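Data block below; observations after.
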Amino acid sequence: MVGLVGSAGAYGRWLARFFRQRMGLQVLGHDPADPASDSPERLLAEADVLVFSTPIRHTPALIADYVQRSAGREQGRLWLDITSIKQAPVQAMLASRAEVIGLHPMTAPLKTPTLKGRVVVVCESRLDAWRPWVRQLLEALQGEYVHTSPEHHDRVMALVQAMVHAAHLGQAGVLRSFAGELGGPADLLPYRSIGFEMDAAVIARILALNPDIYEDIQFANPYTGEMLGRLVAQLARLHALVQRGDAAARQEFREHFLSRNRELWGDGPLAEGSYTFERVGYLLADLTEQRRLSVHLPEDRAGSLRELLNVFEELGISLSSIHSSRTPAGEVHFRIGFDAGADVQALRQAAAEIDRRGVGRVLEQP
């Protein structure tokens, strides 16, 4: 049996479904904000595995409370957490007698049933009898795993998470400072480059989600301050060079910001990253197509996509792009783009035919 602490949170709800549906386990859940949820005492008495899925700032103290409540009953069981900071939660769990592991899924809760293709950081801290079960869990999650220590995890997260968020929040502040003169993001996006559009999407994502998460990633990581100091120093140096504006400043800019950084990255990663940028650019361009259909294929079987494409072939309609993604409800759908001059009536006829044949369910059409 699995006990989830913080079960009403987004990841807690996702994990509850995962444990029930993918691993066939019974799940108990305690939400500190929900008096109707299972009590901590029941979790401690009945749960073989205890999972902490709680706000970063509260997790160490909450774990300490469970250690005190459990009073040794946790021996022989497994405790794990899924917070974005690892040192403090893992250290708090190690004060118990349970086996301990820290996990950090590097993505927000998904609409997919597993973490397939997503990175999960694994911090094994005290693992013995529960190792086979943890291996089974990781196999079921289908993630891409990186194993490290809690301390190294937090140092890396200061760059991978805190720095990225800080840079984009700084950009958001700059955009706000210019809003009175140039307008807000909606006024700037018509002038977008690929880079600006991607940065704007990251900013929007940060601002759209739970602010507590982003606050804690900055304030709860003991290595954020050092990172921010280095980031500010780099920007200050760039600002000073641009203010000077002479040939020597330009040469220093090339050497410090371009040449030396290029050497660190190396030819292979630079080429791969540049190609990824191009592919994202193609995708963003496809997403602007005005002539498009979005179709959900309810049957996940071989040949269903071919049946969908046959409709367009029979009607003599050419496709310019096709992409798969997920709706907010989690359904896989295909977004099919057409040239700007495509016949709208023909596309509507295709949509009606798709629905009539039961090949798929049309979600969006011209």
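Just so it is clear, none of the values below were taken in a lab; they were calculated from the coordinates. What you see is a predicted model, and the numbers here were worked out from it, not measured in a lab.
Per-structure values
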item	result
Anisotropy class of the stretch 153-283 from Cα gyration tensor, a/c 1.5 cut	rounded
³J(HN,Hα) computed for each position of the stretch 48-63 - Karplus, 6.51 cos²θ - 1.76 cosθ + 1.60, integer Hz, glycine/proline x	7, 10, 10, 10, 9, 10, 10, x, 3, 5, 9, 4, x, 5, 5, 4
For the stretch 1-149: rounded, prolate or oblate by the Cα gyration tensor [a/c cutoff 1.5]	rounded
The chain: relative contact order as a whole-number percent, Cα under 8 Å and 6+ apart	10
Quotient of C-alpha Rg and 2.2 N^0.38 Å, computed over the chain	1.21
